[in-house]
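Data block below; observations after.
The values are calculated or read from the model by the stated rules, or taken from the named source; none is laboratory data. Bear in mind that the values here come from a model prediction, so they are computed numbers and not experimental data. Every residue, glycine among them, receives a Cβ derived from its backbone with ideal geometry; neighbour counts consider all protein chains shown. Surface accessibility is based on the protein's heavy atoms, side chains included, excluding ligands, DNA and RNA. Shrake-Rupley method; radii C 1.70, N 1.55, O 1.52, S 1.80 Å.
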Amino acid sequence: MKNWNGAKGQTTGRIGLGVCATAVAVAFAVALPQAAYADDVTPPPVPADIAVPAGNRPFLVGHAVGTQNYVCLPSSTGVAFTLFTPEATLLSDDEDQITTHFFGPNPSEPNTNPAVVATGVIRAAWQHSRDGSTVWGQVKQPRHSSSDPAFVAPNAIPWLLASKVGVQNGPAGGDVLTKTTFIQRLNTSGGVAPSTGCNSSADVGHLAFVPYTADYFFFKGPEEHADRGN
């Protein structure tokens with residue numbers, strides 16, 4: 001009887017472990033940001049100047065919530081607020097954190113500016129919140145920024161097309177963002193520099209942290225479609 005109970009307990013334990021393992025796997029899959037692995041990411045229509053070149057396909061979308069951060073500096077017309085960094089978190093449709101967004105040194109571009117102490121040129125950066133992979137982007141032409149009122153809401157920062165200028169794997173080899181070729185910033189609201197607070201030389205150094213939201217769409221190239229089978 002004792003042995004039978006032991007065997008029964010072992011069987012029950014194995015079944016319990018199997019159920020637990022399955023439950024954990026399902027829970028983990030549910031917890032993953034679904035947008036990070038979606039095959040049906042569809043950006044909205046955009047102005048022609050910020051369209052992504054043919055052959056690239058969106059693989060990730062993140063809904064940004066954060067601030068556009070400005071500092072009052074001397075300018076050619078006197079003084080003006082200048083963006084010194086965005087500070088945002090990108091969320092999935094289920095409000096799971098996908099990436100953070102900020103300005104940071106791009107290790108693929110050596111810094112040659114003596115006024116900046118950094119290991120690389122300062123660029124817009126997105127870092128994956130799970131695997132630590134990072135992509136740096138640059139808006140390479142003025143026309144890759146659009147405030148076309150047919151698309152962009154009033155009092156909202158422009159829609160943008162940024163080209164990849166650097167990538168880096170995460171500490172453990174994570175590579176979700178390293179396949180990125182282009183990033184679009186779309187569906188913006190807020191984030192515009194204030195019209196007050198930077199009007200004279202006495203205001204130099206003043207800071208403004210302006211709330212904004214936006215959708216960021218990440219694209220990969222044709223070679224990634226073939227290599228990864230999607």
Checklist entry - Is it the case that the stretch 158-173 has a residue that's free of Cβ contacts under 8 Å to residues at least 12 places away in the same chain and either under 20 Å from ARG57 (Cα atoms) or hydrophobic (A, V, I, L, M, F, W, C) (or both)? => result no
Checklist entry - Only one residue in THR178, THR119, THR213 is out of contact with any Lys or Arg (no Cβ under 7 Å at 6 or more places or on another chain) and either assigned to a loop (DSSP other than H, G, I, E, B) or among the hydrophobic types (A, V, I, L, M, F, W, C) (or both). Which one? => result THR119
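Which residue out of LEU83, LEU90 is within 27 Å of ASP49 (Cα to Cα), touching a strand residue (DSSP E or B) at 6+ places or on another chain (Cβ under 8 Å), part of a strand (DSSP E or B) and open to solvent by less than 10 Å² (accessible area, probe 1.4 Å)?
LEU90
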Item to check | Filter pass, ILE98 being aliphatic (A, V, I, L, M) and open to solvent by 70 Å² or more (accessible area, probe 1.4 Å) | outcome: no
Item to check | Condition check for ALA172: farther than 20 Å from PRO53 by Cα and open to solvent by 40 Å² or more (accessible area, probe 1.4 Å) | outcome: yes
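Per-residue answers, yes or no, for (1) of a type in the set (Lys, Arg); (2) at pLDDT below 95; (3) buried (at least 17 other Cβ atoms within 10 Å of the Cβ):
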{"position": "GLY166", "(1), (2), (3)": "no, no, yes"}
{"position": "THR178", "(1), (2), (3)": "no, no, yes"}
{"position": "THR181", "(1), (2), (3)": "no, no, yes"}
{"position": "LEU207", "(1), (2), (3)": "no, no, no"}
{"position": "GLU223", "(1), (2), (3)": "no, yes, no"}
Item to check | Residue selected from the stretch 194-205 under the condition part of a loop (DSSP other than H, G, I, E, B) and in contact (Cβ under 8 Å) with a residue 40 or more places away in the chain, by the criterion surrounded by the most Cβ atoms within 10 Å (Cβ to Cβ) | outcome: CYS198
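Listed here are the residues, each with its yes/no results for (1) modelled with pLDDT of 95 or more; (2) among the basic types (Lys, Arg); (3) part of a loop (DSSP other than H, G, I, E, B); (4) touching a helix residue (DSSP H, G or I) at 6+ places or on another chain (Cβ under 6 Å).
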{"residue": "PHE103", "(1), (2), (3), (4)": "yes, no, no, no"}
{"residue": "ASP131", "(1), (2), (3), (4)": "yes, no, yes, yes"}
{"residue": "ALA153", "(1), (2), (3), (4)": "yes, no, yes, no"}
{"residue": "VAL192", "(1), (2), (3), (4)": "yes, no, yes, no"}
Item to check | Matching residues in the stretch 127-152 - criterion: being over 23 Å from PRO45 (Cβ atoms) and open to solvent by less than 30 Å² (accessible area, probe 1.4 Å) | outcome: HIS128, GLY132, SER133, THR134, VAL135, TRP136
